[in-house]
Every structure is written in C-alpha cells, then in structure tokens.
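Taking it in order: structure first as structure tokens, then the write-up.
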Amino acid sequence: MSGWIGIGRTDIGRVRAMNQDRFLAIDPLGFWAVADGMGGHAGGEVAAQAAMAAIRAHIEQVAAPGLDSPHDILSTLMTAAHQAVRDRARLDPALKHMGTTLVAMLLTPQPTAVAHIAHLGDSRTYLYRGHTLTPLTRDHTMIEKYLAHGILTPETAKTHPERHVLTKAVGISASATSDIATHPLHPDDLLLLCSDGLTKMLEDQDIALVMAQSGGDPIRACNALIENSLARGGIDNVTVVVVAQPKHPPLTTL
C-alpha cells in the first residue's frame with residue numbers, strides 16, 4: 001500500500017449537456033487517473049469510459065509487487081486504454097473519431113515516495129510544495145509546440161484559436177506513446193490531477209492559492225477547486241483528483 005490517498009470529484013459544469021470526464025482513485029495500489037473524452041455528442045463519454053474500464057481491468061494484474069517497473073506498468077496501462085478506445089470505435093461508425101486525454105499516476109512508497117506520471121493530451125498533473133505550484137506534465141497541444149519554438153508568447157497563447165488542438169491523445173491515431181516522468185515526493189506534498197475544465201477557468205496562481213488555503217487537506221482542496229471553477233463560469237466538464245499523505249488529526253469529511 002502507498003499510504004497516500006486521492007480525493008476525486010467530477011462535475012458536468014454550467015454549460016455542457018453531458019459529462020465526458022472520468023477519474024479513478026485506487027488508493028491501495030497508489031494509482032490515480034483522469035480522462036477527458038472527446039469526439040461528438042456521445043463519443044467522448046464512450047472513449048473515457050472505455051479507457052478507464054481497460055485500466056481497471058489490467059491494473060491489479062500488472063501492479064502486483066515485484067513484477068514490472070513503474071514505467072512498464074504505466075506503459076502497459078496506457079497502451080491498454082488506447083487499444084480499448086480503438087477497438088470500441090471500430091464497432092460503431094459514429095464513434096470513429098472519438099478519443100480521450102489521459103493522465104495517470106502510480107506512486108511507489110519505498111524507500112521514499114515517488115510519483116510516476118504518464119499522460120497523453122492536455123489533462124495535467126501539478127505538484128504543490130512549500131507554497132509553490134509546479135506543473136509536472138506538458139500539454140500535448142499545438143500551442144505547446146508553438147511556445148517551445150518561440151512562435152507565440154504565453155500571453156498570446158491564452159487566446160489563440162488553436163489553444164485546445166491536441167497533438168496526442170488516447171485512441172485518435174494508430175499508436176500513441178505517452179510521456180512518462182518520475183518525481184520524488186516530500187511528506188507534505190499535494191499532487192493534483194485535473195482535466196482542462198479546471199485550467200480553462202483557473203490560472204496556475206489561482207490553483208496555488210486554493211491549495212494554500214486547503215491546509216494540506218485533499219478533500220478541502222478538491223472541493224474548493226471544483227467550486228472555484230464553477231464560480232468562474234464552468235464552461236466545460238471539470239474533474240479533479242488531489243493526492244496527499246494523510247495527516248493527524250483526521251481529514252475533514254465530505
């Protein structure tokens with residue numbers, strides 16, 4: 001067991017007719033994930049569901065102690081999710097172009113806690129440590145490519161018409177190789193996994209402020225992030241998972 005817990009919540013938002021986000025929180029295995037589906041009226045919901053179902057079906061087998069490295073486990077899970085979405089799309093022509101973003105984190109506890117993070121698309125992971133919020137993933141979007149090559153500035157990128165165009169996602173191409181990174185953790189760290197429904201509404205400094213006000217409580221942080229996103233307009237589905245090491249006295253209850 002990882003000894004860390006993840007508190008997750010998803011909300012349809014104030015505009016959309018359907019929630020196409022999904023999340024997983026499997027604390028005993030130290031595993032958490034967020035998916036944000038895309039592809040027509042129902043396609044995004046189906047894609048996110050298919051991806052998460054594939055992960056749930058595989059994780060207990062591949063995450064057994066002593067078998068594979070965290071990198072290999074995450075690669076296997078991301079590939080399984082990708083294949084599940086592709087297979088489901090083949091069954092229905094109406095779902096041909098569906099896909100989903102996916103960010104997944106596997107935490108290994110010994111001897112020091114380490115977060116292993118895989119992602120495809122623009123769902124993100126952040127680390128909040130010592131009053132500083134640090135992105136641990138880089139979006140797979142056209143905007144990120146433009147920024148990396150100096151074509152756009154961060155300010156102009158915020159309103160660019162291609163700011164949400166993905167370059168990678170689960171299910172949208174014949175193959176997809178996820179980025180996987182490793183980050184050692186401190187006992188007081190908070191980790192945030194989220195769909196872009198949060199980051200469309202809140203800037204990083206807004207997220208950092210909410211995390212600071214949570215007092216290290218993942219339940220408080222999770223609920224406050226969702227509520228702040230809705231208060232700003234909630235133009236998209238919004239999903240948040242906040243991961244922390246439990247503190248004493250006990251955490252607040254929902």
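We did not get these values from a lab; they are worked out from the coordinates using the rules stated. No experiment lies behind these values; they were computed from the predicted model shown.
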Item to complete: Pop out the ³J(HN,Hα) list for the stretch 195-204 in order, Karplus 6.51 cos²θ - 1.76 cosθ + 1.60 with θ = phi - 60°, rounded to Hz; leave Gly and Pro as x.
Response: 7, 6, x, 7, 6, 5, 9, 10, 6, 4
Response to the item:
The long-range amide H neighbours of LYS168, using H built 1.01 Å from N in the peptide plane and a cut-off of under 5 Å, are GLY121
Worksheet item: Using only the Cα atoms of the stretch 5-244, what do you get for the radius of gyration and for Dmax, in Å?
Response: 16.9, 49
Worksheet item: Roughly how many Å is it from the Cα centre of the stretch 73-109 to that of the stretch 176-254, as a whole number?
Response: 23 Å
Discussion item. Cross-link candidates for LYS247: which aspartates and glutamates have Cα within less than 14 Å, leaving aside residues fewer than 8 places away along the same chain?
Written reply: ASP188, ASP189, ASP217
